[in-house]
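Worksheet: one structure, shown below.
The values are calculated or read from the model by the stated rules, or taken from the named source; none is laboratory data. Being a predicted model, the structure only gives us computed values, none of them experimental. Note that each Cβ is placed from the backbone with ideal geometry, even for glycine, and that neighbours are counted across all protein chains shown.
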Amino acid sequence: MKILVTGSQGFIGSYICNELLEQGHTVIGIDNFSKYGKLSRPHDSNSNFTLLTEDITKWEPVPEVFRNIDVIVAGAAMIGGICYFHKYAYDLLATNERILANTFDLALKLHKEYNLKRIVVLSSSMVFENTNVYPTSELEIYNTPPPACTYGFQKLASEYFAKGAWEQYQLPYSIVRPFNCVGVGEESAIGESLVTSGNVKLMMSHVLPDLINKILQGQDPLHILGSGGQVRCYTHGKDTARGIRMIIESDKAINEDFNISVSRSTSVLELAQIIWKQINGNKPFNYVSDEPMIYDVQKRIPDVTKAKDILGFEANISLEDSVDEVIQYIKK
């Protein structure tokens, strides 16, 4: 297939492009390098990849250029770690809504006038911010109170974009909810603020690179946001991208939503101890708890049965392997 990936140069976007290209698809990527600045990705040199440097919020595409596109993967978004939820509370709504509206406008035109078969929307596990049902199945989206943070609320809105476009214009869709994607390729964001965690700058991306960075810098005791009892399911970007690719390739995924995640749940404290041991060996582990942030969800544990039953998808990269890979990446 010929697939348009918005946000192709981002963290998850680059994993998606690699996976699609490795499986023989042709990919057109769109990115404006607004998060990390200009950088290169492994997929850039692939002969079946074309990059368009565009700001989707201001973009006025020529539909004819994309007349042979089969699928759009709507991955572009203003996104970051928990610090983003506080610093960019308004922008996470406004900017991402503009991105989505322009993306869907293009998709609707291509579906009506050419041959676009589907749009695949990257939502988030944060749509389940206020659930109290674990593991959380896709059906809980109809029972869970809306997210408190603007990022989660906007991601929920992205799902309604898809449902509305189907209801009014019969544009087929699939919804993907990645859970705590980890891997290599996260850089320092242009919009980062200086927030310290103990004597080390807090990395705004996500908990795994943040903990690795602090331990590599010799922080002892290790500073952890909150109690460390927060539970996550850390899923490697390669597994996330493979799940998304399987959704794209399956007609059974049309007008369906999927949690894409490992089934293994791990507390932040357990994650910290795994990282500590890989870096410091048998050195005694010490930690202190810093004041938690407002939107630090205590549990995100998905039910992954649906993806297994319909797609045959299971995540298979271990947390220990993911940790080791990110350690080596940050060392470099």
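Give the residue, chosen from Glu187, Glu256, that is surrounded by fewer than 20 Cβ atoms within 10 Å (Cβ to Cβ) and modelled with pLDDT of 95 or more.
None of the others qualify; the one that does is Glu256.
Restricting to the range 287-315, what's the tally of residues that are among the aromatic types (Phe, Trp, Tyr) and outside any strand (DSSP E or B)?
To start, the set of residues in the range 287-315 that are among the aromatic types (Phe, Trp, Tyr) comprises 287, 295, 313.
So of that shortlist, the ones also outside any strand (DSSP E or B) come out as 295, 313.
So the answer is 2.
Among what's in the range 116-130 and is in contact with a helix residue (DSSP H, G or I) (Cβ under 7 Å, 6 or more places away or on another chain), without any contact (Cβ under 8 Å) to a residue 60 or more places away in the chain and assigned to a loop (DSSP other than H, G, I, E, B), pick the residue that is nearest to Pro63 (Cα to Cα).
So the residue we want is Leu116.
Kindly provide the set of residues from the range 154-174 that are surrounded by fewer than 17 Cβ atoms within 10 Å (Cβ to Cβ) and more than 16 Å from Asp257 (Cα to Cα), ordered by number.
Passing the criteria: Gln168, Tyr169, Gln170.
Take the range 1-46 and flag every residue that is of a type in the set (Lys, Arg), modelled with pLDDT under 95 and over 16 Å from the mean Cα position of the chain (by Cα).
Taking the range 1-46 first, the residues of a type in the set (Lys, Arg) are 2, 35, 38, 41.
Those left that are additionally modelled with pLDDT under 95: 35, 38, 41.
Lys38, Arg41, listed by residue number.
Can you go through Ser34, Ser8 and tell me which one is under 25 Å from Leu110 (Cα atoms) and either touching a residue at least 24 places away in the same chain (Cβ under 8 Å) or in a helix (DSSP H, G or I) (or both)?
Values: Ser34 fails: under 25 Å from Leu110 (Cα atoms).
Checking each option against the conditions leaves just Ser8.
Scan the range 52-72 and give yes if some residue there is in a strand (DSSP E or B) and over 22 Å from His111 (Cα atoms), otherwise no. Show your work before the answer.
Looking only at the range 52-72, we keep the residues that are in a strand (DSSP E or B), and these are 52-53, 71-72.
Filter once more, so that each one left must be over 22 Å from His111 (Cα atoms): 53.
Within the range 52-72 (the criterion being in a strand (DSSP E or B) and over 22 Å from His111 (Cα atoms)), the answer is yes, since at least one residue qualifies.
Note down all Cβ pairs under 7 Å where the first residue falls in the range 54-70 and is over 23 Å from Asn96 (Cβ atoms), the second is among the basic types (Lys, Arg), and they're at least six residues apart or on different chains.
Cβ pairs passing all conditions: Asn68/Lys2; Asp70/Lys2; Asp70/Lys117.
For the range 226-251, give me each residue that is aliphatic (A, V, I, L, M) and either in contact with a Ser or Thr (Cβ under 7 Å, 6 or more places away or on another chain) or without any contact (Cβ under 8 Å) to a residue 24 or more places away in the chain (or both). Quick ask: steps written out before the conclusion?
Within the range 226-251, the first condition is being aliphatic (A, V, I, L, M), and the residues that meet it are 231, 241, 244, 246-248.
Hits for the range 226-251 are Val231, Ile247.
Looking at the range 148-169, I want the residues that are farther than 12 Å from Ala101 by Cα and have a partner that is loosely packed, with under 15 Cβ neighbours inside 10 Å and of a type in the set (Ser, Thr, Tyr) with Cβ atoms under 8 Å, at least 6 apart or on another chain. Which pairs are those?
As it stands, the answer is Thr150/Tyr90, since those pairs meet every condition given.
Return the only residue of Leu110, Leu93, Leu139 being crowded, with 22+ Cβ neighbours inside 10 Å and either assigned to a helix (DSSP H, G or I) or of a type outside the set (Val, Ile, Thr) (or both).
On the way: Leu93 fails: crowded, with 22+ Cβ neighbours inside 10 Å; Leu139 fails: crowded, with 22+ Cβ neighbours inside 10 Å.
Testing whether each residue is crowded, with 22+ Cβ neighbours inside 10 Å and either assigned to a helix (DSSP H, G or I) or of a type outside the set (Val, Ile, Thr) (or both) leaves just Leu110.
Of the numbered conditions (1) more than 26 Å from Glu129 (Cα to Cα); (2) assigned to a helix (DSSP H, G or I); (3) touching a strand residue (DSSP E or B) at 6+ places or on another chain (Cβ under 9 Å); (4) modelled with pLDDT of 95 or more, Ile247 satisfies every one except a single condition; which is it?
(1)
Which of the residues spanning the range 300-332 are surrounded by 14 or more Cβ atoms within 10 Å (Cβ to Cβ), out of contact with any Ser or Thr (no Cβ under 8 Å at 6 or more places or on another chain) and more than 16 Å from Asp239 (Cβ to Cβ)?
Ile327, Tyr329, Ile330
Considering only the range 11-31, state which residues are in a helix (DSSP H, G or I) and either surrounded by 17 or more Cβ atoms within 10 Å (Cβ to Cβ) or touching a Ser or Thr at 6+ places or on another chain (Cβ under 8 Å) (or both).
We begin by selecting, within the range 11-31, every residue in a helix (DSSP H, G or I); these are 11-22.
Matches in the range 11-31: Phe11, Ile12, Gly13, Ser14, Tyr15, Ile16, Cys17, Asn18, Glu19, Leu20, Leu21.
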